[in-house]
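In what follows, a single structure is set out as structure tokens and then discussed.
The values are calculated or read from the model by the stated rules, or taken from the named source; none is laboratory data. Quick caveat, the model's predicted, so the values are computed rather than measured. Here the Cβ positions follow ideal geometry from the backbone for every residue, glycine too, while neighbour counts run over all protein chains shown. Protein only, heavy atoms only, side chains kept; ligands, DNA and RNA dropped before computing areas. Shrake-Rupley method; radii C 1.70, N 1.55, O 1.52, S 1.80 Å.
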Amino acid sequence: MSAVIDTTSPLARDVLRRRTFAIISHPDAGKTTLTEKLLLFGGAIQMAGTVKARKSSRHATSDWMEVEKQRGISVTSSVMQFDYAEHTVNLLDTPGHSDFSEDTYRVLTAVDAAVMVIDAAKGVEAQTIKLLEVCRLRNTPIITFVNKMDREVRNPIETLEEIESVLKIQCAPITWPIGMGKTFRGVFHLLNDRLMRFTAGEERKTDAEEIIEGLDNPKLTELYPQEIEAARSEVDLIRSASSPFDLQEFLSGKQTPVFFGSGINNFGVQEVLQALIDWAPPPKPRDAGVREVQPTEPKFSGFVFKIQANMDPKHRDRIAFFRVCAGRYTPGMKVQHVREKREMKLGNALTFMANERVKSEDAVAGDIIGIHNHGQLQIGDTLTEGEILGFKGIPYFAPEMFRSVRARDPIKAKQLQKGLQELGEEGAIQVLEANFGNTMLLGAVGQLQFEIVAHRLQTEYKVDAIYESSGIYTARWLTFPSDNLRKEFEREQAANMGKDVDENPVFLSGNKYNLQLTQERWEPKGVGFHATREHGQRLSHI
Ligand code: G4P
């Protein structure tokens, strides 16, 4: 059903000014650095230009968890809102580490575009490939930033070829680097026909002196007598050989505009931000199960894509991150909690700025609000102004690693249960129970998830737990065509049965062959073995 959209209403005007995106990259490509520079442009932070200040404030802005600091990797995701060029930009941070791919996946369900950072020396790396696959599932438009041009890096033409062949996305260069490393002179804007000069060690200010109109400008011959001829012929080559930018191709996720620069020098970053404003889409309609929801509909609705604890040690709490999909949030409004079939008051929702969170006064589609959560909200929950909707596309993935867990001191069993329940709700880990021997199981996609959970159980819940290998290879959620068949299956497979936190039946397999054989026997009878399930979904047993 497509509704007629009134683009002139105050709500529509606000929605069209929204840009909600995430930065994706392999660790160390420069995501944190780019985030900081974008926040600087948005006036969301004022930072001294020293590396030291940058480092310490980095922890203050996007790294909250202690473990994260110890390890120096970003394991939690954060949200930052800022205004730029009469737009409201929501930047969602994603953990770069592949062990948190599930978390990243959820964050990417809440954005309308992504910026992909590539280290110009390393090219396309493993985690970039994975993240791009996720973006492709939703045809998310992607802007590419090739970073670290102030270093001796690979030939930029090779980098483009690699992006095209490995990531299977067409590249449309928008800026082109002139030199690299010690002889990095700047980037030439192919659409504006202007060269932006680079001065090593300086953060670029938008200053007329640093911009030279036209590549044929004699001033360039004067400035760079050695390199300019080669640069001119390279730009000619790129102009004739590469694909021109096509907005529709970009919006459908088939083509990516490519920018070159150096995040640390704040060079080439503003162009990326401008592209987000000019080309990235405002909030799009969303599939809410029974119908598509338009972002400019007057009635409020949206979904929880993340639960996070301990964002700020001063406020010991859990926050549900909620993407508004339609309507307008106003403080104190009453909403329908669809899963729990009850009304709920949204009192003090939060808006996240760079390094503070403030009471949200107003939020529209594309915005992310933080809702204080005492266990009533789960990942995937839909809130509406009355209508029964269910936003789709936030799955759990079948875990790939398992540990059995028990409290070292049996007196702490209850405490362990509570901790696991809460950590499971947050999506930090999946908690399963094997029927055989009533064993509690932790299921993860990456090893680091176990370490974080062990650390948090110890520090937050004061439980010292014993983790042992479980002998389980994989898990599949089960669906049955009839109650009788369910009983028959459960009888035969009693030793392999378990359940998840929502009481859904799970098949726990000790090895690949056992899973294969069981599937071959039971699938023809109509038993479903599922590697994913939607958040909050109760699989039908019948
Ligand atoms: P990440 O979030 O993607 O993991 O990357 P991050 O921004 O932390 O950057 C990783 C490293 O790359 C940092 O160095 C950072 O300073 C450096 N870097 C980022 N952008 C550029 C750039 O344009 N040019 C150069 N030459 N380096 C860049 P580090 O030594 O790990 O940390 P730090 O001491 O600089 O904080």
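Pop out the carbon and sulfur fraction of the accessible area of the stretch 395-534 as a percent, whole number, probe 1.4 Å.
Numbers: 3280 of 6620 Å².
Whole-percent figure for carbon plus sulfur exposure: 50.
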- At what distance in nm do the modelled label points of residue 138 and residue 467 sit from each other, each positioned 7 Å from its Cα along Cα→Cβ? 2.9
- Shape call, the stretch 250-363: gyration tensor on alpha carbons, a/c limit 1.5: oblate
- Quote the accessible area belonging to residue 93 in square angstrom, nearest 10, computed with a 1.4 Å probe and with ligands, DNA and RNA left uncounted. 10
- Message: Given points 7 Å out from each Cα along the Cα-Cβ axis, report the residue 238 to residue 211 separation in nanometres with one decimal.
- Response: 1.8
- Using the beta-carbon distance between residue 125 and residue 341 and R0 = 56 Å, what value does 1/(1 + (r/R0)^6) give for FRET efficiency, to the nearest 0.05? 0.75
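So how much slack lies between residue 330 and residue 483, counting 0.36 nm per residue of separation and subtracting their Cα-Cα distance, in nm?
Length gained, residue 330 through residue 483: 50.5 nm.
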- Task: Over the chain, calculate the relative contact order: mean separation of alpha carbon pairs under 8 Å at least 6 apart, over the residue count, as a percent.
- Result: 13
- Task: Quote to one decimal, in nm, the extra length available between residue 86 and residue 158 on full extension: 0.36 nm per residue of separation minus the C-alpha distance between them.
- Result: 22.2 nm
- Task: Pull up the DSSP beta bridges for the chain and report the antiparallel fraction as a percent, rounded to 5.
- Result: 80
- Which of 299/392; 31/168; 122/254; 334/462; 299/359; 306/334 exceed 26 Å between C-alpha atoms? The answer is 334/462
- Query: Modelled label-to-label distance, residue 521 and residue 397, 7 Å Cα→beta-carbon offset: nm?
  - Reply: 3.0
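Ranked by accessible surface with a 1.4 Å probe, highest first, in what order do 301, 252 come? All intermediate terms of the calculation are to be shown ahead of the outcome.
Values: 301 5, 252 40 Å².
Sorted by accessible area, descending: 252, 301.
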- Accessible area (Å², per residue) of the stretch 230-375, counting only protein heavy atoms and a probe of 1.4 Å: 39
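Count charges around residue 348 for me, please; just the other residues with Cβ under 12 Å from its Cβ, Lys/Arg as +1, Asp/Glu as -1.
On the way: positive: 345, 357, 359; negative: 317, 361.
Local charge sum for residue 348: +1.
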- Mean separation of Cα pairs under 8 Å and 6+ residues apart, divided by the residue count of the stretch 102-158: what relative contact order is that in percent? 48
- Given a 1.4 Å probe and the protein chains all in place, what does the accessible area of residue 452 round to, in Å² to the nearest 10? 10
- Item | In sequence order, calculated HN-Hα J values of the stretch 287-294 (Karplus, 6.51, -1.76, 1.60; Hz; x Gly/Pro) | 6, 10, x, 6, 6, 8, 9, 7
- For the stretch 406-501, averaging the sequence separation of alpha carbon pairs under 8 Å that lie six or more residues apart and dividing by its residue count, the contact order in percent is 38
- Whose amide H sits under 5 Å from the amide H of residue 333, counting only residues 5 or more places off or on another chain, with H placed in the peptide plane? 346
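Subtracting the Cα-Cα distance from 0.36 nm times the residue separation, let me have the gained length for residue 358 to residue 290 in nm, one decimal. Walk me through the numbers on the way to the answer.
Working: separation 68, 0.36 × 68 = 24.48 nm, distance 3.41 nm.
Taking residue 358 through residue 290 to full extension adds about 21.1 nm, to one decimal.
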- For 472, 429, what's the largest-to-smallest order of accessible area, 1.4 Å probe? 472, 429
- Where the centroid of each part is defined by its Cα atoms, how far is the stretch 322-352 from the stretch 224-293 in Å? 35
- Item | Ellipticity estimate at 222 nm from DSSP helix runs (n ≥ 4, -39,500 (n - 2.57)) divided over the chain, nearest 500 | -8500 deg cm²/dmol
- Note on the structure: Counting only protein heavy atoms and leaving out ligands, DNA and RNA, the solvent-accessible surface of residue 169 at a 1.4 Å probe, in Å² to the nearest 10, equals 10
- Calc'd 3J(HN,Hα), the stretch 385-394, phi into Karplus 6.51 cos²θ - 1.76 cosθ + 1.60 (θ = phi - 60°), Hz, glycine/Pro = x, comes to 9, x, 6, 8, 10, x, 5, 9, x, 10
- Message: Show me, for the stretch 145-152, the HN-Hα J-couplings you get by feeding each phi into the Karplus relation (A = 6.51, B = -1.76, C = 1.60, θ = phi - 60°), rounded to Hz, glycine and proline as x.
- Response: 10, 8, 9, 6, 5, 6, 10, 6
- Query: Angle between the Cα long axis of helix 228-241 and the longest principal axis of the chain, 0 to 90 degrees, nearest 10?
  - Reply: 50
- Item | Residue-normalised accessible area of the stretch 395-534, given per residue in Å² at a 1.4 Å probe | 47
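Report the FRET efficiency, 1/(1 + (r/R0)^6), for residue 421 and residue 387, where r is their Cβ-Cβ distance and R0 is 41 Å, rounded to 0.05. If you can, show how the numbers build up before the last one.
Working: r = 30 Å, r/R0 = 0.73.
That gives a FRET efficiency of 0.85.
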